[in-house]
Amino acid sequence: MLTSWPVVVMQVPEELNAQEVHLFMQEAGPLLQSVRPRLVLDCSQIRSIDSAGVEMLLHCLEEALKRDGDLKLATLSPESEVILELMRVARIFETFETCDEAVRSFQAVPTDAIPEGAPWQPTVFGEMEALKQAS
Amino acid sequence: MAKAIVIVGNDSGPVDLAPSAIQHTVLASVDVLGTSVVRRTVERLLRDGIESIAICCSSSVESEGFDEHPSLTILTAADPWEAAVAELARYEDRLDCVLIMRIGAYVEFDLGDAVRFFGEHSDNVVRGFDDEGPLDLWMIRPEVIDNANLFSRLQLGKSTYYPVRGYINRLRHPRDLRRLVVDSFNSRCRLRPQGSEVRHGIWMCDGAQVEKSARIVSPSFIGRDVTISEQCLVTRYSNIERDSYVDYGTVVEDTTILPNSYVGIGLDLAHSVVDGRSLVNLHHGVMLKIGDPVVMRQNKPLAGVVRSLWSGSGVDGQITAGRNQNAD
């Protein structure tokens, strides 16, 4: 299983309006088209967001999920958080206090540490064979 | 005691002004559960036996809503304290005691007890106070006060303190406004919602319109001529004041919507105070100016133009996350 796709951190512009969204998407678009895109958006610079900005965040998330990737938000200001809550999209995004935390969260489950032949059942249930015998 | 002077709209001392997030608004003059604190105070003073009240305001907006009551005089001046001084001069030596209040705070007190206290003390100025310190509530003997320096005399001069034992809310921050609403719903103070209690804990005023599919959960208050659109939810100590409009599917929870505010479609408002385009979120401690009129705005222009002007705006609108750290 491939686990070493890079995590890309992108700075979101100060003004997240229709004009800036266009420029931002020129940069982010190719990244989102890649296999399993893993993006962290650094939102620390955001001073204002309009509905086009919120729509863009949703679009990016959708594109990432479509390709089996993910998009996470980091360093959101309280103001930006209020806007996302108001527009009912705050719950959709995974948010982190720092970019580092967001990047680390992609590696939270080191799948390469799981041996190939390991059973898929959670250990609490024991192995399938043991379950069958018990039943 | 026969006379009182009520001052609205000018802070008289080093009160905690900075956090007032709904800027340029005296919180006591905005509607809370149907009517303003100023109006409630004036009505209570009249009920308690004050024969005439001079209301001194810095703008006519603050005096709005007072019926033409024969016992009320409205005085508007850039500095309402000047108007108060002029009014005091009119009384000359005819009165033993004049009550002066700056609203400000919402204060419940026993007028009879206060006057008795004043009579028992020889000081020319008696000032109300509570555990947090002095209040802007004085009783004075007008003939012995140097009117020219009334403001500084009351603020800084020697006075006897009268302990106010009733409910007090200083209304310095939108958070205090929310606390007043919650305290009223929980009967912790004498302030009661206007209108009628249509179901247990749900108050509605005349002209309020709630669509069938909207849900109102107790305790909540729906003010005069408010519209709650379909699929909305109003819950947990929310109050929506007169002439406001909550559009389709929006959730209002633990929130105050001040008069004449429009709240757009499909929003989630929680732990907030909304005044037209201003939004104070008390949970995050921030104030935002919403630039997109489709999201939030004043419901009706003050001139009273019809609501059909709503549509068509907001193409270039913007939700602006203003950085106002004072809101906390």
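The values are calculated or read from the model by the stated rules, or taken from the named source; none is laboratory data. It should be emphasised that the depicted structure is a prediction, and the values quoted were computed from it without experimental measurement. As a convention, Cβ positions derive from the backbone with ideal geometry for all residues, glycine included, and neighbour counts pool all protein chains shown.
Here are some notes:
- Among the residues of the stretch A:11-39, those that are surrounded by 17 or more Cβ atoms within 10 Å (Cβ to Cβ), without any contact (Cβ under 8 Å) to a residue 60 or more places away in the chain and under 19 Å from residue A:103 (Cα atoms) comprise A:12, A:28, A:31, A:32, A:37, A:39.
- Pairs where the first residue, in the stretch B:279-297, is at the interface with another protein chain (Cβ under 8 Å from one of its Cβ atoms) and the second is of a type in the set (Gly, Ala, Ser) and part of a strand (DSSP E or B), C-beta under 7 Å, 6+ apart: B:279/B:272; B:281/B:272
- Candidates B:166, B:207 - the one that is exposed (fewer than 15 other Cβ atoms within 10 Å of the Cβ) and either within 30 Å of residue B:56 (Cβ to Cβ) or not small (Gly, Ala, Ser) (or both): B:166
- For the stretch B:131-143, the count of residues that are among the aliphatic types (A, V, I, L, M) and either in contact with a Pro (Cβ under 9 Å, 6 or more places away or on another chain) or assigned to a loop (DSSP other than H, G, I, E, B) (or both) is zero.
- Verdict on residue A:47 being at the interface with another protein chain (Cβ under 8 Å from one of its Cβ atoms) and either buried (at least 23 other Cβ atoms within 10 Å of the Cβ) or at pLDDT below 95 (or both): yes
Yes or no, residue by residue, for (1) under 23 Å from the mean Cα position of the chain (by Cα); (2) within 24 Å of residue B:281 (Cα to Cα); (3) among the hydroxyl-bearing types (Ser, Thr, Tyr):
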{"residue": "B:127", "(1), (2), (3)": "yes, no, no"}
{"residue": "B:156", "(1), (2), (3)": "no, no, no"}
{"residue": "B:171", "(1), (2), (3)": "yes, yes, no"}
{"residue": "B:189", "(1), (2), (3)": "yes, no, no"}
{"residue": "B:199", "(1), (2), (3)": "no, no, no"}
{"residue": "B:207", "(1), (2), (3)": "yes, no, no"}
{"residue": "B:233", "(1), (2), (3)": "no, yes, no"}
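- Test: residue in the stretch B:259-273 that is crowded, with 24+ Cβ neighbours inside 10 Å, at pLDDT 95 or above and more than 13 Å from every other protein chain (Cβ to nearest Cβ): yes
This table checks each residue for (1) among the hydroxyl-bearing types (Ser, Thr, Tyr); (2) within 12 Å of chain B (Cβ to nearest Cβ); (3) under 14 Å from residue A:87 (Cβ atoms).
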| position | (1), (2), (3) |
| --- | --- |
| A:26 | no, no, no |
| A:33 | no, no, no |
| A:40 | no, no, no |
| A:52 | no, yes, yes |
| A:57 | no, no, yes |
| A:61 | no, no, yes |
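- Counted as qualifying within the stretch B:190-269 are the strands (runs of 3 or more DSSP E) with 1 or more residues that are over 23 Å from residue A:92 (Cβ atoms), namely B:196-199, B:202-204, B:220-222, B:233-235, B:238-240, B:261-263.
- Annotation note: of B:250, B:255, the sole residue that is touching a Cys at 6+ places or on another chain (Cβ under 7 Å), within 14 Å of chain A (Cβ to nearest Cβ) and either buried (at least 24 other Cβ atoms within 10 Å of the Cβ) or at pLDDT 95 or above (or both) is B:250.
- Meets criteria (more than 12 Å from the chain's Cα centre (by Cα), small (Gly, Ala, Ser) and either surrounded by fewer than 22 Cβ atoms within 10 Å (Cβ to Cβ) or within 14 Å of chain B (Cβ to nearest Cβ) (or both)) for residue A:69: no
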